[in-house]
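Beneath this line is the structure, given in C-alpha cells, with notes to follow.
The values are calculated or read from the model by the stated rules, or taken from the named source; none is laboratory data. If you're wondering where the values come from, they're calculated on a predicted model, not measured in any experiment. Note that each Cβ is placed from the backbone with ideal geometry, even for glycine, and that neighbours are counted across all protein chains shown. Note: areas computed on protein heavy atoms with side chains; ligands, DNA, RNA excluded. Shrake-Rupley method; radii C 1.70, N 1.55, O 1.52, S 1.80 Å.
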Amino acid sequence: MSPLRHTGPRLWLRACCALALLGLAVGCETQPIVGFGPVLELEQLQALVADSDWEAIVAADIDCGEPSDTCAEVHAIRADACLRLAIQLPVDASATRGRTRQLLDAAESGYRQALLLHHSSASPSMASYHGGLLLTLSERRNRLDASVRERTLDRENQKLLAAANQARAQVPDSALGFIYTASALLYHALLKESGGNRCQGLGQAEAMLKQTPAPPAELMNDHQRLQTLIEQELRKSHCAQAPGPA
C-alpha cells in the first residue's frame with residue numbers, strides 16, 4: 001500500500017505525513033457489521049485469522065473484559081481485522097461517516113482495550129498494539145477530506161500525537177512512537193504555520209526523529225522518507241538551524 005495515496009487540495013500535507021507502517025494486507029469487499037455476530041473466543045478468532053476471514057472477525061461479538069493477555073489479544077485481533085478492511089476502502093471514502101468511520105472507530109476502541117487489558121508491559125505485543133492504534137489514528141487523520149475544518153484536522157492530529165507520546169513512554173525501545181511523533185509534529189507545523197514561522201515545529205520534528213531508536217527493516221523506508229520531507233520543509237522555510245525539542 002502506497003503511503004502517498006491521498007488526493008485533494010491538501011495532498012501536499014497528507015503526502016508528507018501518511019505512514020503505512022504495518023504492511024497490513026487487503027481484505028475482501030463485503031460490508032461487515034461490527035460486533036453483530038456470535039461471541040467468539042480466542043481460538044475461534046485465531047482460526048479465522050489463519051483463513052484470512054476478516055469479515056467474520058469484524059462481525060464477531062467480543063465478550064472479554066477481564067485484564068489478561070488473552071482478552072487483550074481478542075480485542076486486538078478484531079481491531080486488526082477492522083483496520084485491514086478500512087485500509088482497503090477507496091481513498092475518497094470519508095473517515096467521518098459510513099463504513100469507514102465504523103471500522104476505524106472499532107479498530108481504535110479495540111486497540112485501546114488491548115492496551116488497557118494487557119498484563120505485561122514488557123511483552124512484544126505492547127508494541128504491536130501501540131502500532132495498530134497509531135496507524136488507525138493516522139489513517140483517520142489522512143482520510144479527512146477538504147471540507148473538514150482546520151480545527152478538526154488539528155484535533156485528529158493531536159490525538160495521534162498523544163498516542164505516539166504514550167507509545168514512546170511505554171515501549172521506548174520501539175521506533176514507532178518516535179516516528180509517529182515526528183509525523184504529527186510535521187503535520188502540525190505545515191497545518192498551522194507558514195514560511196519562517198514553521199521553523200520551530202519543523203525543528204521539533206527533526207529533533208524527535210533523531211532520537212528514534214534504530215528502526216527495524218520494515219520501517220527504514222518510512223523513517224528515511226519522513227527525514228527527507230522534514231529536511232525539504234526546513235530548506236523551503238529558510239530555517240537556519242532547527243530548534244531543539246519542546
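A few comments on the model shown:
- Members of the stretch 158-174 that are modelled with pLDDT under 95 and crowded, with 22+ Cβ neighbours inside 10 Å: Val171, Ser174
- The lone criterion from (1) open to solvent by 20 Å² or more (accessible area, probe 1.4 Å); (2) under 18 Å from the mean Cα position of the chain (by Cα) left unmet by Thr181 is number (1).
- Residues in the stretch 147-177 that are assigned to a helix (DSSP H, G or I) and hydroxyl-bearing (Ser, Thr, Tyr): Thr152 alone.
- Among residues of the stretch 112-126 that are open to solvent by less than 30 Å² (accessible area, probe 1.4 Å) and part of a loop (DSSP other than H, G, I, E, B), those with a Cβ under 8 angstrom from a residue that is charged (D, E, K, R) and at pLDDT 90 or above, sequence gap 6+ or separate chain, pair up as His118/Asp69; Ser123/Asp69.
- The number of residues in the stretch 94-111 being open to solvent by less than 60 Å² (accessible area, probe 1.4 Å) and either without any contact (Cβ under 8 Å) to a residue 24 or more places away in the chain or in a helix (DSSP H, G or I) (or both) comes to 10.
Conditions tested, residue by residue: (1) at pLDDT below 95; (2) among the β-branched types (Val, Ile, Thr); (3) crowded, with 17+ Cβ neighbours inside 10 Å.
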| position | (1), (2), (3) |
| --- | --- |
| Met208 | no, no, yes |
| Pro216 | yes, no, no |
| Leu219 | yes, no, yes |
| Leu234 | yes, no, yes |
| Ser237 | yes, no, yes |
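- Some residue of the stretch 43-66 being open to solvent by 60 Å² or more (accessible area, probe 1.4 Å), modelled with pLDDT of 55 or more and touching a Ser or Thr at 6+ places or on another chain (Cβ under 8 Å): no
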